[in-house]
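Here is the structure we will look at, set down as C-alpha cells.
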Amino acid sequence: MALRVLEDWVADLIAADGDADDVFLHPRDEPALLAPGSVSWRVFKNPLAVYVGGLTAVVLQLAEPRVGAGVWQYTSFRERPIERLRRTAHAAMLSVYGPRSRAETMIAGVNRMHSRVRGATHDGRPFRADDPELLDWVHATACFGFLEASRAYVGPIAPLERDRFYAESAPVAKLYGAAAVPESEAAVSALFERTGAKLERSEIVFEFLEIARRMPLLPAPLRPVQGVLSAAAVQLVPSRIRLRIGLADRPLPEWQRRLVCAAGRAADRLVLRSHPAVQACRRLGLADDFLYARLS
C-alpha cells in the first residue's frame, strides 16, 4: 500500500496529465542527453535528494536579485506552487532521462519562453531571463543543490565523481543558453565566491520557504515532514551565504538529520516503476534495477 502511494505520487509529480509512460518510455532505444552510466543518472533517481536539493537551489537562485525578481514577477509559483514545481520537475527529469529528441524540443520551448521575459528589480536594475550570466548561476546552483543533498543525506560521493557530475551536465546547460558553466567542484566554489557579494536578503526567499513548508505536496502521511526537509535544504546553503541573506546559521537538529538521512538512504534503494529513471532504463533495454543494482 505504501509503495503504491509513492508510485502514484511520483507519477503525478512528474507528469500530472498522466503521460509519463509515453514521454520516458518512447521512442524505444533512443538515448538521453546523459548516459546511463553518468553520475547524474544515479543522483537524480533519488526523490529525496532531488526534492531537498531543489529547495536549496531555489533559495540560492532567489537570493540573486535579478533571478528572484524574474521568478516572482513572471512565474506562477506564488499562486500555484505545486503546478510550477511539477513543470520544473518534469523539465529536470526530461533533461536527464528523457529521449534526446524530446529533451531538445522541451529545452527549445523553455528558451523561447525565456527570450520574452524582461523586467527590473525593485531598485531598477534591468534583467532578462536569457542572460547567460544568470543562466550560469541557475545551472550551477541547481547542480550544487542536487549534489550536496545526495552527499549529505544519501551517501558519500568521491571527489572525482563530484567533478564528473558538474562536467557531464555542462553540454545540457549550454543547450539552455548558459555560456560559462563551472565544470568542477573548484569552479563552482569560485563562482560562489564571485557571486556571493551580489546576493541579498530578500523577503522573496522567506516567502518561498514558507510556501515550501505548507503546500500540500507530499503524500498526506508524509506531509508533516515537509518542514524538516525545508530545514535540511537550508542547511546545505553555504554558511557565509546563509548569514548574508538572513537565514539562521545553526546546525540541523541531530534527530532531524538522522531522519532525513534514513529517508534518503531508503529512497536510494526504492525501485519505483513510475520514476523516469526506471522508465528510461526500460526504454534502453536495461533492467528496472540497473541503477540500484550498482549499489550492491
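Scanning the range 1-49 for residues that are out of contact with any helix residue (DSSP H, G or I) (no Cβ under 6 Å at 6 or more places or on another chain), at pLDDT 65 or above and among the β-branched types (Val, Ile, Thr) yields Val10, Val23. Evaluated against (1) of a type in the set (Asp, Glu); (2) without any contact (Cβ under 8 Å) to a residue 60 or more places away in the chain; (3) closer than 30 Å to Pro36 by Cβ, Asp268 falls short on exactly one condition, (2). The residues on offer are Ala277, Ala233, Ala263, and the sole one that is in a helix (DSSP H, G or I), among the aliphatic types (A, V, I, L, M) and in contact with a Ser or Thr (Cβ under 7 Å, 6 or more places away or on another chain) is Ala233. Within the range 28-47, residues that are more than 18 Å from Gly285 (Cβ to Cβ) have Cβ atoms under 7 Å from residues that are assigned to a loop (DSSP other than H, G, I, E, B) and at pLDDT 95 or above in these pairs: Ser40/Leu34; Asn46/Val154, counting only partners at least 6 apart in sequence or on another chain. Determine whether Gly246 is on the phi > 0 side of the Ramachandran plot and not acidic (Asp, Glu). Yes. Just one of the listed residues (Arg265, Arg250) is among the charged types (D, E, K, R) and exposed (fewer than 14 other Cβ atoms within 10 Å of the Cβ), and it is Arg250. Can we say Gly155 is assigned to a loop (DSSP other than H, G, I, E, B), within 28 Å of Ala263 (Cβ to Cβ) and of a type in the set (Gly, Ala, Ser)? Criteria met by Gly155.
Evaluation of Met113 against the conditions (1) among the aliphatic types (A, V, I, L, M); (2) crowded, with 16+ Cβ neighbours inside 10 Å; (3) at pLDDT below 95 shows that the sole unmet condition is (2). For Glu210, the criteria (1) part of a helix (DSSP H, G or I); (2) modelled with pLDDT under 90; (3) loosely packed, with under 13 Cβ neighbours inside 10 Å hold in every case but one, which is (2).
Ala170 satisfies every condition listed in (1) of a type in the set (A, V, I, L, M, F, W, C); (2) in contact (Cβ under 8 Å) with a residue 40 or more places away in the chain; (3) assigned to a helix (DSSP H, G or I) except (2).
The C-beta contact set for the range 94-119 (first residue free of Cβ contacts under 8 Å to residues at least 24 places away in the same chain and over 16 Å from Arg28 (Cα atoms), second residue part of a helix (DSSP H, G or I) and of a type in the set (D, E, K, R), distance under 6 angstrom, 6+ apart or interchain) is empty. Picking from Thr105, Thr121, which residue would you name as being over 15 Å from Val50 (Cα atoms), at pLDDT 90 or above, more than 19 Å from the chain's Cα centre (by Cα) and among the polar types (S, T, N, Q)? One residue alone meets the criteria, Thr105. Of everything listed in (1) modelled with pLDDT under 90; (2) out of contact with any Asp or Glu (no Cβ under 8 Å at 6 or more places or on another chain), the single unmet condition for Asp131 is (1).
The values are calculated or read from the model by the stated rules, or taken from the named source; none is laboratory data. All values reported here derive from a predicted model rather than from experimental measurement. Because the Cβ atoms are built from the backbone with ideal geometry, glycine has one as well, and the counts that use them run over all protein chains shown.
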